[in-house]
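One structure below.
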Amino acid sequence: MTDIHRTIEAVWKIESPRLIASIARVTRDIGIAEELAQDALVTALEQWPEQGVPENPAAWLMTAAKRRAIDYLRRGRMLVQKHEEVARELEFQQQQLADAMDQSLDQVIDDDVLRLIFTACHPVLAVEGRVALTLRLICGLTTAEIARAFLVPEKTLGQRIFRAKKTLSEAHVPFETPRGDELRRRVESVLSVVYLIFNEGYTATSGEEWMRSALCDDALRLGRMLVQLLPAESEAYGLLALMELQASRTAARKGRNGEAVLLPNQDRSLWDYAQIQRGMTALAQAQRLGGGAASYALQAAIAACHTRARTAEETDWERIVLLYDALLQISPSPIVSLNRAVAVGMAQGPAAGLDAVDKLAADPALAGYHLLPCVRGDLLMKMERFSEARAEVQRAIAMTQNLREQELLTERLKQIEKAAASA
């Protein structure tokens with residue numbers, strides 16, 4: 001790839017949300033808006049290698065996109081109709097589009113991008129569609145890049161994006177920022193999509209890699225964008241805090257050969273303390289806005305307990321248990337209960353932790369969740385019930401689809417065997 005092509009790719013990833021959002025304001029169809037924005041990208045690919053990169057690449061792309069949007073309107077049905085009223089409306093819309101585009105040239109983040117995020121994450125779409133469309137429209141990823149990230153065929157991912165666009169069009173979803181109760185519901189959808197993207201990057205569901213760091217980076221970029229677009233939304237800050245604090249441990253979560261390294265065994269000198277500070281600042285802002293007892297802020301507070309501990313042994317597990325208790329009050333889920341059981345085991349001993357885990361064993365939501373037998377096996381090993389621990393870890397290995405987790409659990413199995421032999 002030439003330097004110019006790299007420049008075009010970098011500019012596209014940064015500017016594509018603004019291009020698409022500005023066009024969608026008038027076309028009211030994000031599928032058409034994306035096509036028109038990509039037409040501008042194709043023109044750049046054709047002209048820049050010959051003419052050179054313009055002094056302001058973003059403005060050049062915006063102008064090219066504006067021209068294509070106006071051409072699209074001129075080709076529309078309104079021009080075919082002879083009525084003077086319709087002609088005036090067309091002229092008004094063209095001027096409105098031109099004014100909107102020109103204004104957006106001077107803005108880094110504007111309301112149109114927020115409208116685009118709310119549209120891409122609309123609850124009328126399946127969760128998979130929301131995630132794919134967000135990565136495509138807001139993060140500027142190609143279909144191939146998203147497919148690789150989620151280990152699905154490119155054709156499948158392309159169909160997912162196509163269906164999402166079609167659903168939005170057929171449902172006549174308005175290109176707008178909702179208000180009142182609808183805003184509250186939609187913010188939850190937006191934040192959940194961003195966190196889904198982050199989690200898939202932080203611990204990959206399947207494949208050969210423990211992490212997919214690029215997805216974490218995309219989610220963080222979205223999170224940072226959201227706190228600027230929604231400065232009064234405490235949970236946006238709570239989510240950003242949670243992601244910053246978790247991502248700060250990235251360098252320590254993998255060994256030299258890419259193997260997984262769990263929190264107790266991490267070299268804490270490898271943690272990114274500047275990122276930890278950013279996370280703490282975001283958490284403090286969430287608390288100042290009155291959201292300290294909300295879901296993402298509580299999870300961020302749990303992550304903060306780990307970052308404050310200089311060693312694993314200094315971790316305040318009693319406080320973590322209390323935070324999980326508070327989280328269960330507002331967001332009860334089997335996963336949160338399992339995480340609480342781990343904290344109980346650390347704070348009160350493995351027997352107490354095992355008792356808490358066993359109360360969850362019959363929950364159908366955890367039936368295929370590999371971390372349930374993993375946690376149980378770890379607690380049984382600490383209690384020197386080696387035969388039972390071995391069986392649980394073997395069950396966990398059979399359940400996970402991530403190669404690095406399988407390696408980690410296989411190593412755990414060896415530790416159990418070694419401890420049993422020396423007992």
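Residue by residue, here is whether (1) among the β-branched types (Val, Ile, Thr); (2) within 20 Å of ARG130 (Cα to Cα) holds:
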{"position": "LYS155", "(1), (2)": "no, yes"}
{"position": "VAL187", "(1), (2)": "yes, yes"}
{"position": "MET211", "(1), (2)": "no, no"}
{"position": "GLU244", "(1), (2)": "no, no"}
* State all residues of region 179-236 that are of a type outside the set (S, T, N, Q), surrounded by fewer than 19 Cβ atoms within 10 Å (Cβ to Cβ) and part of a loop (DSSP other than H, G, I, E, B); if no residue qualifies, say none. => ARG179, GLU208, GLU209, PRO231, ALA232
* Structure fact -> Of those in region 132-156 that are surrounded by fewer than 24 Cβ atoms within 10 Å (Cβ to Cβ), part of a helix (DSSP H, G or I) and of a type outside the set (Lys, Arg), the residue modelled with the lowest pLDDT is ALA149
* Collect the residues in region 320-354 that are charged (D, E, K, R) and either within 24 Å of the chain's Cα centre (by Cα) or in the same structural domain as GLN285 (by TED's automatic domain parsing) (or both), keeping them in residue-number order. => ARG340
* What pairs can you find where one residue is in region 186-202 and assigned by TED's automatic domain parsing to the domain that holds VAL131, the other is of a type outside the set (A, V, I, L, M) and not in a helix (DSSP H, G or I), and their Cβ atoms are less than 7 Å apart, with a gap of 6+ or different chains? -> ARG186/PRO178; VAL187/GLU233; SER189/CYS121; SER189/PRO123; VAL190/CYS121; VAL193/CYS121; GLU200/ARG212; GLY201/ARG212
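The values are calculated or read from the model by the stated rules, or taken from the named source; none is laboratory data. What you see is a predicted model, and the numbers here were worked out from it, not measured in a lab. A quick note on method: Cβ atoms are made from the backbone with ideal geometry, for glycine too, and the neighbour counts reach across all protein chains shown.
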